[in-house]
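As structure tokens, the structure follows; a few thoughts come after it.
The values are calculated or read from the model by the stated rules, or taken from the named source; none is laboratory data. It should be emphasised that the depicted structure is a prediction, and the values quoted were computed from it without experimental measurement. For neighbour counting, all protein chains shown are included, and Cβ atoms are generated from backbone atoms with ideal geometry for every residue, glycine included. Accessible surface areas use protein heavy atoms only, side chains included; no ligands, DNA or RNA. Shrake-Rupley method; radii C 1.70, N 1.55, O 1.52, S 1.80 Å.
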2 protein chains.
Amino acid sequence: MLKLTKKIDYALMAINFMSFKGESVANTRNIAEIYNIPLELLAKVLQRLAKKGFIVSQNGPKGGYTLAKDPNVITLGELIRAIEGPIQIVHCTEGDTSCLQTARCTIRSPLRKIEHKIVDFLDNVTIDQICSEEVPEELAV
Amino acid sequence: MLKLTKKIDYALMAINFMSFKGESVANTRNIAEIYNIPLELLAKVLQRLAKKGFIVSQNGPKGGYTLAKDPNVITLGELIRAIEGPIQIVHCTEGDTSCLQTARCTIRSPLRKIEHKIVDFLDNVTIDQICSEEVPEELAV
DNA sequence: TAATCGGCGATCATTAAGGTCGGATATATA
DNA sequence: TATATATCCGACCTTAATGATCGCCGATTA
């Protein structure tokens, strides 16, 4: 209920890590080991982030990822959409006919307004607000 | 991802219905039929609402439920908590040791702040803001 | 050219949500 | 007082989303 996914968590940790690596590349294995994240799953998340232009990939040995954007211009809303698709508090989409309650449902549009406000809020939270804070010494190397 | 559950939807519809019934009781079967909601599931939701004091149950034939509180003093946050338990955007709770990322995780507490803001928002949305609006003629009988 | 990286699709496992079933208790009314 | 109609309650099954895994490919650099 209203939970963020693990993928989002992993993405945030990875970006957090990269922001401390600065210019130098960070590879998937490294991040996975440090944070104890399943390698393959993290790999997918990072590939997604790369595809969406949040990070840049460097192929081959000594390869990995570097941040393409400053964490203070990436919003949590953007990140969520990049990884999970559009944010929907309500189940049914606009032209949805599959919902059995559609006929008599009067709560949908008011809930949409609430949804919109939450999305709006998430679009105004930047990633550096979530990352920066404190970082374990070992990571700052 | 960040979705409300069907139970919440059903609860809102039921409360909406009851608020138009006013003093007269509304029974589960009736509501289920009108909105096309699985009877047993709706029954559970209503029992929960009764237990939490949002509605009052009347047993036996001609029984059913009536609102115990005005929709304008019930908040969406309260309703969600009554049915689904505490709202958690983040996975792990305070003393949680099961999360594998705990050791190096620095994003948890910032996310908690975000969670708190969302909960705060939901605690300021009253049910009548979601219900009232328009109601199909047939229901206003 | 071998070892190390990312890229990608398919697939399995786990869990939470959605829904069902059976039987209990209460109570109006015939 | 019998019966039909309600709420009550717990156990259970089903489905769908998330989380995780596997295998193979292409790119790149030492």
> Taking segment A:54-85, which residues are in a helix (DSSP H, G or I), away from every other protein chain (no Cβ under 12 Å) and within 11 Å of DNA strand D (Cβ to nearest atom)?
Replying inline: none
> Somewhere in segment A:112-130, is a residue farther than 20 Å from B:V119 by Cα, surrounded by fewer than 18 Cβ atoms within 10 Å (Cβ to Cβ) and either of a type outside the set (S, T, N, Q) or within 7 Å of chain B (Cβ to nearest Cβ) (or both)?
Replying inline: yes
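Output the residues belonging to segment B:15-53 that are near DNA strand D (Cβ under 10 Å from one of its atoms), part of a helix (DSSP H, G or I) and not charged (D, E, K, R). Don't jump to the end; show me each part of the working.
Step one: of segment B:15-53, the residues near DNA strand D (Cβ under 10 Å from one of its atoms) are B:25-32, B:39-44, B:46-51.
So of that shortlist, the ones also part of a helix (DSSP H, G or I) come out as B:28-32, B:39-44, B:46-51.
Those that are near DNA strand D (Cβ under 10 Å from one of its atoms), part of a helix (DSSP H, G or I) and not charged (D, E, K, R): B:T28, B:N30, B:I31, B:A32, B:L39, B:L41, B:L42, B:A43, B:L46, B:Q47, B:L49, B:A50.
Answer yes if at least one residue in segment B:54-64 is in contact (Cβ under 8 Å) with a residue 60 or more places away in the chain, under 26 Å from B:F121 (Cα atoms) and under 19 Å from the mean Cα position of the chain (by Cα), and no otherwise.
First pass over segment B:54-64, keeping only residues in contact (Cβ under 8 Å) with a residue 60 or more places away in the chain: none.
No, segment B:54-64 contains no residue that is in contact (Cβ under 8 Å) with a residue 60 or more places away in the chain, under 26 Å from B:F121 (Cα atoms) and under 19 Å from the mean Cα position of the chain (by Cα).
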>> Among the residues in segment B:79-91, are any touching a residue at least 40 places away in the same chain (Cβ under 8 Å), closer than 19 Å to B:L4 by Cα and of a type outside the set (A, V, I, L, M)?
In response: yes
> Looking at (1) within 11 Å of DNA strand C (Cβ to nearest atom); (2) within 19 Å of A:I130 (Cα to Cα), which is the only condition A:V56 fails?
Replying inline: (2)
>> With the requirement that a residue be within 12 Å of DNA strand C (Cβ to nearest atom) and touching a residue at least 12 places away in the same chain (Cβ under 8 Å), what does segment A:22-43 give you?
In response: A:V25, A:A26, A:N27, A:T28, A:N30, A:I31, A:L41, A:L42, A:A43
>> Quick test of your reading of the structure: B:A82 fulfils all but one of (1) modelled with pLDDT of 95 or more; (2) open to solvent by 70 Å² or more (accessible area, probe 1.4 Å). Name the failing condition by number.
In response: (2)
> Pick from A:A43, A:A26, A:A14, A:A68: which is among the aliphatic types (A, V, I, L, M), at pLDDT 95 or above and open to solvent by 40 Å² or more (accessible area, probe 1.4 Å)?
Replying inline: A:A68
>> If I go through segment B:86-98 residue by residue, how many of them are within 9 Å of chain A (Cβ to nearest Cβ), open to solvent by less than 40 Å² (accessible area, probe 1.4 Å) and within 15 Å of DNA strand D (Cβ to nearest atom)?
In response: 2
